[in-house]
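First comes the structure, then the notes that go with it.
The values are calculated or read from the model by the stated rules, or taken from the named source; none is laboratory data. Predicted model only: the values in this text are computed from it and were never measured. Glycine gets a Cβ as well: all are built from the backbone with ideal geometry, and neighbour counts include every protein chain shown. Only protein heavy atoms, including side chains, enter the accessible area calculation; ligands, DNA and RNA are left aside. Shrake-Rupley method; radii C 1.70, N 1.55, O 1.52, S 1.80 Å.
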Amino acid sequence: MASEAHGRCGERLLRRFSMMLEEHSGRLGELTGSAAAATGRPLLLSAGPRESSVLPRLAATENRLLTKVLLALTAVCSEAGLLEREARRELEPALLLYGEPGPADGVPEIQAARLLPTLLRLLALRGRCRQVVGNLLQQLAALHEPARRRLTTVGFHVQVAFEQLGHLLAALARLDQIMARHALIHEHCALYGQLVRRARSRPQLYGLDVPRVALLERLLRDLEARVLSATLLETALDQPPAVLADRELRDEFLLTVSNLLLALEQDDPDSEVPDLVGMAALVALHARLARSADAKTVKRLWAAGRRLPPVLLGGGLVWSLDTFLANHLPGFDQIVDRRTRDAAASAAVAALTSAVAGLPRAVCQQTVQVVAWSAQLMARRSDDPAQTTAASVADGLALLRRGLALALQVRDAARQLLELHAHTGRPLPAATAVLVCRQLELLKALLSAAEQAEPWVRQTAWCAARHAQFRAVRAVAAVRARVATDKKLLAERLDLVSGLETAARAIGGPATRQRHLLARLSLSLCTQPGVFRDGELGQLAELLRGVQLASRLWQRLCAAAHCDFVYWSRSLVPAYLRDAVARPDDWCRLQLMCAALVDAASLLRRGRHLAPDRLVRAYEHELGAALRAALLEPLCAQVETELRLDVHSHLQLADRNPFKVGLRDRRLLLRAAPLPLVAGRLSVRRYCERYLERTFYHLTAVAQHDWRTYAEMRRLARHRYGLETTEPHLPGQTLEQGLDVLEVMRNIHVFVAHYAYNLTNQFFVERCSNNKHLNTLGISHLANSIRTHGTGVINTTVNFTYQFLRNKLSVLSQFLFDEQISSRLASDAPLGAGPYEYQRAERFERAIRGLGVSGDGLSYLGRCRQLVTQIGGALGFVRLVRSGGLHCASGALQFVPDLARPGELGAAAERARLGPTGRAAAHTLDTCLADLTGNGVQNMDFFHLLEEALAPALRHQRNVHLRAFHLLVPPLCINHVQHVLEAKERLVKGTRAGALFTEDGFAMGVAFLLKLLALDGAFDALYWWRTVRARCQAQLAAAVRQADGADAQLQHAVGLTLTRLRRSQTEYDLLFYNMAAARVFFREAAAV
């Protein structure tokens, strides 16, 4: 019974565990799917070898002497590798990027100051590299000198140490070359040094500590002498005489260099030998050790340099073997003659010409190879892991190595062509740029195929690495067993066995660089004759390279497909995008090209002369601008044109037969996934939708009568391209639309000159027209425009009016500042105490008219009257817009029963326990009602706002000449009354030109200016209207007295005079009433 109970409990636990696993798998799948949809790639782990043991434990053996030798060599070689990687990955990009995105971007001194930590790292690197090179040479000398050697093994060759030395020297040579050719760094550092010297001369002005400034100045001198002078390699080559005097080291050095040159000539991509720069540096170091260059080795190096492609440094810099050997190799002129060197000087141009000539054929071949490789990879990704064998792993590794070699080939070809174009200064033709971009696409297509099969790739690489490790350990164990029983190696047995044991222990663990280096050094010390049989050592070296390759295959594949070098040739992007627009079938490749362009961000993040990520932001802005200008805007314009032509297909259009003009299907790009960018993704579909939304909205707002056309285009865009655009929600144009408020606002200077304002009825009427009717603008027209454009147009109108008033007030200020006007006003100023006499105003008006009139018969005073009238017309338009807004808001609220109780709908919905949608709708309606209620009752005092904005400047002491404006009002009133009388007479006579029946803008303008200049009291002190009234009554009384007792003929003349005087009195009364009404607007706290 107990066993059955235990069984049932176990089954229950198993079922619960299986259910938990299924639930966990489902959630993990959802998480992975959502992340893949957001980032475009699935979630993957970053796998790589990790070291868990320290170096002394790895190299520990019973042979203490061998342990010390291995520890010393491994530590020094590891240090050399670390320094080389620091120089290549951090210091080189920082120097190459200096000055980007342009020399004028930022202050030179600040850029140099930000680069100062990098220069200090170079200074520290200089000293550390000299110590590492000297230490490594001393260790090698102790190994090969018979008097100092303690190991029993003989005839070994430590080639791996020379390889690490070559890599380190190559990094120094590259840094020297970059520093020597980067003139901007020298220029900015010189400016920074001048700034420091000025600060030292006046430390109190800058608040600096004198000793620290002096220390900084000494540091700058050290940097200039040791780093900016491009002598990093020269310092490393300059070793103590004790190292240079070792003959055995020189012989071993020459033999190893010859072997490395032989390996370099084979051009094996998996080889660990230094490149051409490293080999040249090793030859230069050997010449220092031997005090003379080996002519045969130099010629072999020269021949290898002629056959190998140019060494590219980045940024259009190409390393020159001729220049390097001439600077660092004594007697180079006697080894290689001048004619041969001159012939090699044009190697870059020849290589560029050859690359451009063979580029189309190469791109075709590479395309076929990438497609074939991707197809093979996709076929292998579905292999069953349970059926993995050594043969399948070997085949899979061979496939991956072919892909890696293909990626390196394509990348080197594209980079070489781009860098050589930048180096030679030749322009890059558009056709060549497109082909190079095809190569970049191939690189990303290859990487994309590898990413889709990444689980299989990593598993195959892991299995291959483990299998190679197993074979290598077994081979080392076989050699150890043979050495342990070989009587011929009795004297060296202890050292050999210990070295082989160390090699086996290093190979059997994680495939890290340190273990690989330790294994190679251990095997190098065991390479004396008789230890390894024919082919065993080469096979073991191949297995070790296979372990390193398989363990880092994914990282190497990603690095091979990395296109950060495209940053230096980013000018090819517009040409590529224009070609993409012209070839709609190739638009699917944009994903790959954008992925290649984004790779440059990793390079830009290593820049040190600007603020963090500023280079990345500048590059992102430049890339986005290029995409918009060359791709997105033309694409959107083409889509809009196609929609417009289809909507207007009933018209007589050009031939659109696809069999004649071709068919371009843009749906591929519009339906494609978003394009990858530096800081996100760009959806072409969404960009086109927003473009169409803006276009449809703006065109509908400008021409409301065409709303049906754009609605049809919107439906056609959804049907043909699947583009979902938002409705603009603009009302159609009404029959009583009148002038549009936006048109008036944009041309307010024209409007106030051609329309007259009526203060009482609040409307504008056109002054003159060639038609039979005059246009008018009233409250209903403005309400319709505001209903079309929204209430936000009111504030915009006030802003435009403010700008207009500023310009007109400037003209008025110039008029009053005129010497003839100001002198006349100044002569009238002392007489200002008491009533202002009508005769003084008439004399002023006649005096100004005597100064001259314009072509249309207006005097300077008439021009000023027109200016004041236009100012008042602009203010009247502001008042009309406000009234139209109130009318629009009241019309929208006419069906609301009770405006005093807002917010009840939301509360009622809560009490009724409606659903979330119903409650949200109720609250939204409450918000809309509250907004409309506020707009309907809010007292928007725009006149007061304009006064606050303009008054402080006009009342300033520098504008004191404006304080005499109130003395100019009486003559202006006389001129205005005369103008209105003449206009009304033309209206009675039926004359169109100059006929008017209202001109209340003058009253608005005078009232506003008096308030703006704080001259209301000064004008009232003139008692002008009392004077005018008395003058009119006196003239009427005189005319009546003259009519008494006169004959019939005189009675007729006096009657005409009385009519004229009564009309004049009526106009003065109307002007008085209008000005009194207008002054109310600016006297009250709120506008009326």
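Note that region 741-1081 presents 50 Å² accessible area per residue, ligands and nucleic acids not counted, probe 1.4 Å. Cα to Cα, under 16 Å, and not fewer than 8 places away if on the same chain: which aspartates and glutamates meet these conditions relative to K444? Output for K444: D412, E454, D564, D586, D599.
Normalised by 2.2 N^0.38 Å, where N counts its residues, the alpha-carbon radius of gyration of region 741-1081 equals 1.24. Computed with every protein chain present, the accessible area of H1052 is close to 120 Å² [probe 1.4 Å]. On region 533-620, 49 percent of the accessible area sits on carbon and sulfur atoms, based on a 1.4 Å probe. Sequence-ordered 3J(HN,Hα) estimates for region 1030-1040 from the Karplus curve with 6.51, -1.76 and 1.60 and θ = phi - 60° stand at 5, 5, 5, 5, 5, 5, 5, 5, 5, 5, 5 Hz, glycine and proline given as x. Equivalent-ellipsoid semi-axes for the chain (Cα gyration tensor, √(5λ), whole Å, largest first): 89, 40, 28.
Only helices enter the 222 nm calculation for the chain: every DSSP H run of n ≥ 4 contributes -39,500 (n - 2.57), and dividing by all residues gives -23000 deg cm²/dmol, rounded to 500.
By accessible area, using a 1.4 Å probe on protein heavy atoms only, region 412-480 has 60% of its surface on carbon and sulfur.
Note on the chain: dipole from Cβ charges, positive end direction compared against F696, S292, L1010; the farthest Cα belongs to S292. When the Cα positions of L1022, F942, Q1033 are compared along the charge dipole of region 741-1081, Q1033 comes out farthest toward the positive end, with charges on each C-beta of Lys, Arg, Asp and Glu.
The share of accessible area on region 741-1081 that comes from carbon and sulfur is 55 percent, using a 1.4 angstrom probe. Judged by the gyration tensor of its Cα atoms, with axes a ≥ b ≥ c, region 460-571 is prolate; a/c meets the 1.5 cut and a/b is the larger of a/b and b/c. A Cβ-based charge dipole, computed about the Cα centre of the chain with Lys and Arg at +1 and Asp and Glu at -1, lands at about 1160 debye. In the assembled protein chains, L417 presents an accessible area of approximately 0 Å² (probe radius 1.4 Å). Treating each Cα of region 564-708 as an identical point scatterer and summing with the Debye formula, the log10 of I(q)/I(0) at q = 0.16, 0.17, 0.18, 0.21 Å⁻¹ comes to -0.93, -1.01, -1.08, -1.31.
Taking label positions 7 Å along the Cα-Cβ direction at both R955 and R694, the computed distance is 4.3 nm, reported to one decimal.
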